[in-house]
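Report on one structure; see the data block that follows.
The values are calculated or read from the model by the stated rules, or taken from the named source; none is laboratory data. Everything quoted here is computed from the prediction, not taken from an experiment. Heads up, the Cβs are rebuilt from the backbone with ideal geometry, glycines too, and the neighbour counts pull from every protein chain shown.
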Amino acid sequence: MKTLTNRQRQVLEFIRGHQESEGTAPSLREIAGHFGFRSMTAALDHVRALRRKGMLAGEGRSGRRRARGLQVLSPLHALRRRVVDIPIYGAIPAGFAEDRRQEARGCVSIDIGTLGIRPTPRTFALEVRGDSMVGRHIIEGDLVVLEHGMTPRPGDVVAALIDNESTLKTFLVNRNRPYLRAENPKYPDLIPATELVIQGVMVALVRRVRG
């Protein structure tokens, strides 16, 4: 949430108090009169700034009564707008590749501001099974957030379909030939015999707290 100036806080508290006592927001003229603004334009500027910062909802156009449709929002509202639901499509082996079908298992809600990602309709999550990616700090039970349709770069963690079996590995290229590397010496490199399809490139990792 963006920081408010002292005057913006005062205007917000005035609108909040008016709503609590009168049951409706004050008009722009009432806001201007209360703070001694020379015109309603100054009041409108503060209202618009509060709307941009996620503290007010509704109209704030010029006119004596145009601000009455405003609504003071909870401080959490601006934060909630950054929270999105990412669908979880089953689990993926971080071990030996396995033949598995994707199935929806609900979703995970994430704060895109904290994780620094921009989800799209092609963003999805998978639960990790196995220990082949511990060298990248990816462990059993983690949720990997992936973007379908991205072109992987060498070193990216990817969900891949290799010879019709799915797995989570590091994508690498050797002599123009792509292959998958486990981040655990117990597991061999995976070199496709016929086909390697990248289903998603990892963009974030979500770890569940275990009891």
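Looking at 158, 173, which is the one that is in contact with a Ser or Thr (Cβ under 8 Å, 6 or more places away or on another chain) and either part of a loop (DSSP other than H, G, I, E, B) or at negative phi (or both)? Explain how you work it out, then say what you get.
On the way: 173 fails: in contact with a Ser or Thr (Cβ under 8 Å, 6 or more places away or on another chain).
Within the list 158, 173, the selection yields 158.
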Answer yes or no: is there a residue in the stretch 60-77 that is at pLDDT 60 or above, of a type in the set (A, V, I, L, M) and either assigned by TED's automatic domain parsing to the domain that holds residue 185 or under 20 Å from the mean Cα position of the chain (by Cα) (or both). no
Name the single residue that is surrounded by the fewest Cβ atoms within 10 Å (Cβ to Cβ) among those in the stretch 114-153 being under 21 Å from the mean Cα position of the chain (by Cα) and among the hydroxyl-bearing types (Ser, Thr, Tyr). 151
For the stretch 22-51: of the residues being over 13 Å from residue 70 (Cβ atoms) and touching a Gly at 6+ places or on another chain (Cβ under 9 Å), which is surrounded by the most Cβ atoms within 10 Å (Cβ to Cβ)? 40
Test for residue 136: is it farther than 23 Å from residue 116 by Cα and out of contact with any Phe, Trp or Tyr (no Cβ under 7 Å at 6 or more places or on another chain): no
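Please determine whether any residue of the stretch 160-167 is hydroxyl-bearing (Ser, Thr, Tyr) and surrounded by 14 or more Cβ atoms within 10 Å (Cβ to Cβ).
In the first step, residues of the stretch 160-167 are kept if they are hydroxyl-bearing (Ser, Thr, Tyr); the result is 166-167.
Filter once more, keeping what is surrounded by 14 or more Cβ atoms within 10 Å (Cβ to Cβ): 166-167.
Yes, that holds for at least one residue.
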